[in-house]
Amino acid sequence: MIPELGQFALILATMLALLLGILPMWGAVNRNIVWQSLARPAAFLQFALVVLSFACLAASFLSNDFSVKYVAEHSNRLLPRAYQFAAVWGGHEGSLLLWVLMLTGWTAAVALFSQSLPLNMVARVLGVLGLVAVGFMAFILITSNPFDRLFPIPADGRDLNPLLQDPGLVIHPPMLYMGYVGMSVAFAFAIAALISGRLDAAWARWSRPWTVIAWSFLTFGIGLGSWWAYYELGWGGWWFWDPVENASLMPWLVGTALIHSLMVTEKRGSFKAWTVLLAIAAFSLSLLGTFLVRSGVLTSVHAFATDPARGIFVLCFLAIVIGASLTLFAWRAPAVTLGGSMGLVSRESFLLLNSVLLVVATGAVLLGTLYPLIIDALNLGKLSVGPPYFNLVFAPLMVPLLFVLVPGTVAHWREARLNDMVLRLRWIALAAFLLAIGLPFLFGEWSAGTALGVFLGMWVALGSLQHVVERIRKPGRIGGSFWGMHLAHFGMAVLVLGITGVKSFEVERDVRMALGDTVTIAPYTFRLADMVDVKGPNYKAMQAHVEVLKNDQVIEVLYPEKRRYFSSAMPMTEAAIDSGVLRDLYVSLGDPLPGDTPSWSMRVYYKPFVPWLWAGVLMMVFGGVLAALDRRYRRGSVSPLQTAGEALSSAS
Amino acid sequence: MNKKFLIPLGLFAALVVFLAVGLTRDPREIPSPLVGKAAPDFSLPVLAGDKPFSPADMNGKVWLFNVWATWCVACREEHPLLVEFSKNSKVPVVGLSYKEIQPQDMANGPMKDAEKLQLARERSLRFLQRQGNPYSLSVLDLDGRVGIDYGVYGVPETYLIDKQGVIRYKRIGPLTPQLLQDTLLPLIQKWEAS
């Protein structure tokens, strides 16, 4: 009964989304106030129905209702309670339902927080979001229904993939989806603005907080995924250039370009067409990511659904949504005014460079991700593109990006004086340079790459600090967006320093260890003290007790495990990590090795600065949140002064 | 209309074409360098019986060589189809029981080779008794060396070997009814006739 209720709610929600996609839009064209004002209640009701549908699926999981096929495939009685709930999005069907839940949630949030927007804008934005929701809900109902029943009813379910039985992965998909789907709001604003022809400062201003919040979620989601891969996969890696990672990185790169470009459009009225294109691209890449993951068109550990019907559906959906948007863009964008003029050296030019570099980087990642598919489609053979390609093309693009970041934050709009900027930034440039020369010696060997990384990280960090100090000395209230920007930039600097540190100074030892054996990575010595059997709720494990010694003192005991879940034959590695401010000690237990004395293969890593990666990502996330919550976005509609300024700048 | 605003649409259209073609391909289909080459020789103990088996024993016959193990979940999915196939076809299916003994079987300490062979035989025979036996015989590749020679990439895998002992087709992953019908059976007919 409950699953049917869930399905019924989802069908109702689909029909409501269709209404939401048609009536208010039509009302906006005909200036029909009643139809336009249907948008908000429809958005709320749609969200309520999807919540109900999602709750029904969750209830089926928590009550072990194995007559539901999806539940039987992704849960079982032994699974701990929290994972039974998380298993709702542990497979293809449920993760789509989660996606729709997020989408309708964002739609309802726009409906709630759009009091200052003109009604016809609200009607159009919610209408576009409704149309996107129709596509996804139809996808679920036609090809991937999570409420399908199973007969005969199995006594127990198959279990959630052990890889996913982890707190990191419980919140990783929701956060990532919040980011992906959040980009749909920026997209809806852009489409609404294109339709109405109101591509102006007000549009950019409305879009900004939504885009920045979505970007924060996306950043957090990607960071969580990386963190999970680091401690769960047992390889000590934190980024693999896996197609699915790339699928989340591409919207992030374009989203980053978008939040910077929106600023120019708001403040100066320039880059309008470019900003709209970025908004379309950010959401399109989110959809493309979904396509790549859900269709199984690329092989990847994540792509758990290979089903041609699904692939064809998503491809058609992709073609319709993105094709229609780009057609609209080609039709309406040429009419857009150019906005204020800009000098060769100005904040606009730095931000333009930022956009271009990020978009080129996205293109490089897209090419690398799709290259195997393109080569295969052209019958030129099978190949794969690995990290060497990505590192080779990605890093050189990030170097100038990080370099222009600092002048970009202090340059004046319209026209900046190069001399003034050199004078202002010379001390931090010198400091960053000296640190780059000196710091690498402190941690080990000096190399040009390490020095470059340190220089860029320090340059951005010191640039942000200097700007903050200068600003605090001046009178006047400092807005959230100022703090947010600098926190996020500072986080970027910490991330860059972290990546530089771990790439330059990590040490890895692959060893065979019997009880009592030691391995040394100066100044730490690891000793295999004991090996015991432990039993979890739904698995058995071998657990090693590894003592970490420094100066002959035990400073920490690590407990890496090799787990065997009852439901699957695949053994799982649980690495043990000791985190400090400057380093991680990472031990992962391998297989028992044949021989006379019992011994095991063991992977021991010294990973400097890894905690800096997570710290950097968190700073970026909080920076984004801080910026989005800035009071000025919550003030009433655009002030007359600003509208006048906008008119002036577009007239000039 | 200004042409440069059409560029994104054009790029996207090209992308859709590639994605559409890509959808018709199987990314997991990996071309094997062994196709068209002689099947690597070996001599391994069989599951039931004392005489070891080697591929030369099959000369003059078209046969299937199927890599499996009792711990392999996908093999279990494939198994009923193989059983069905063996009932309806004269083409013999030889099994390669691949690395039946896994490291976790030795959690209580290392095992001698004879012990491993014993355990692998017991477990495999029990499995075949319960699930049906599609194999005219199955050989035991405990250390996985023959698997290396054949480039075993994932279990299950299936090879089609012709009368001259040349590999004509390789499938990584479980066989499906569609694959059997559309690809494997026509190939079998072709090589039977030659």
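If you wrap the range A:1-159's Cα atoms in a convex hull and average its projection over all directions, what's the area in nm²?
9.1
Hey, got the average number of other protein chain Cβ atoms within 10 angstrom for residues in A:317-330?
4
Using just the Cα positions, wrap the range A:407-499 in a convex hull and report its mean projected area in square nanometres, one decimal place.
Quarter of the Cα hull surface area: 6.9 nm².
Counting pairwise Cα distances across the range B:59-194, what percent come out greater than 21 angstrom?
Counting pairs separated by more than 21 Å, the tail of P(r) holds 41 percent.
Pop the C-beta distance of A:Ser63 and B:Leu34 into the FRET formula with R0 = 60 Å and round what comes out to the nearest 0.05.
Efficiency at R0 = 60 Å is approximately 0.75.
For A:Asp530, what residues show an amide H to amide H distance below 5 Å, using hydrogens built from the backbone and excluding near sequence neighbours?
For A:Asp530, whose amide H was placed from the backbone, the distant partners under 5 Å are A:His545.
Between the range A:212-252 and the range A:393-458, how far is it from one alpha carbon centroid to the other, in angstrom?
26
What is the range A:407-499's relative contact order, in percent, from Cα pairs under 8 angstrom and six or more apart in sequence?
It comes to 28 percent, rounded to a whole number.
Restrict the search to the range A:408-498; then list the GluC sites (Glu not before Pro) that DSSP places in a loop and that have at most 12 other Cβ atoms within 10 Å of their Cβ.
When the GluC sites (Glu not before Pro) of the range A:408-498 are filtered for loop state and at most 12 Cβ neighbours within 10 Å, A:Glu445 remain.
Ranking request for peptides A:386-398, B:59-71: highest mean number of other beta-carbon atoms within 10 Å first, then the rest in descending order.
B:59-71, A:386-398
Evaluate the protein assembly as shown: find the radius of gyration of its Cα atoms, find its Kirkwood radius, and give the ratio Rg to Rh.
Rg/Rh: 1.00.
How far apart, in nm, are two points set 7 Å out from the Cα along the Cα-to-Cβ line at A:Val581 and at A:Asp517?
3.6
Which trypsin sites (Lys or Arg not before Pro) in the range B:87-156 pass both tests, a DSSP loop state and at most 11 other beta-carbon atoms within 10 Å?
B:Lys90, B:Lys112
Non-local amide H neighbours of A:Gly234 (under 5 Å, H modeled in plane, Pro and chain starts lacking H): which ones?
Those qualifying (amide H under 5 Å, at least 5 residues apart or on another chain) are A:Ala575.
Quick one: Debye curve from the alpha-carbon atoms of the range A:507-611 only, equal weights, vacuum; give me log10 I(q)/I(0) at q = 0.09, 0.19, 0.20, 0.21 Å⁻¹ to two decimals.
Taken in order of the listed q values, log10 I(q)/I(0) reads -0.23, -0.93, -1.02, -1.10.
Sequence-distant or interchain residues sharing an amide H contact under 5 Å with B:Glu157, placed H: which?
Result for B:Glu157 returns B:Val67, B:Gly173.
Okay, helix-only estimate at 222 nm for chain A: each DSSP H run of n ≥ 4 adds -39500 (n - 2.57), divide by all residues, round to 500 deg cm²/dmol; what do you get?
Estimated from H runs of four or more residues: -22500 deg cm²/dmol.
Let me know the mean shielding of A:366-377 by other chains, meaning the per-residue number of their Cβ atoms within 10 Å of its Cβ.
Whole-number average of other-chain Cβ neighbours for A:366-377 is 3.
Given a Förster distance of 41 Å, report the FRET efficiency between A:Tyr371 and B:Glu115 from their Cβ-Cβ distance, rounded to the nearest 0.05.
After rounding, the FRET efficiency stands at 0.25.
At R0 = 35 Å, how high is the FRET efficiency between B:Ala13 and A:Lys503 if r is their beta carbon distance? Nearest 0.05 is fine.
Rounded to the nearest 0.05, the efficiency is 0.35.
Provide a whole-number value for the mean count of partner chain Cβ atoms within 10 Å of the Cβ atoms in peptide B:12-18.
Partner Cβ neighbours, averaged per residue: 6.
FYI, it's all coordinate maths here, none of it is from the lab. Given the structure is predicted, the values throughout are model-derived calculations rather than measurements. Positions of Cβ are backbone-derived with ideal geometry, glycine not excepted, and every protein chain shown enters the neighbour counts.
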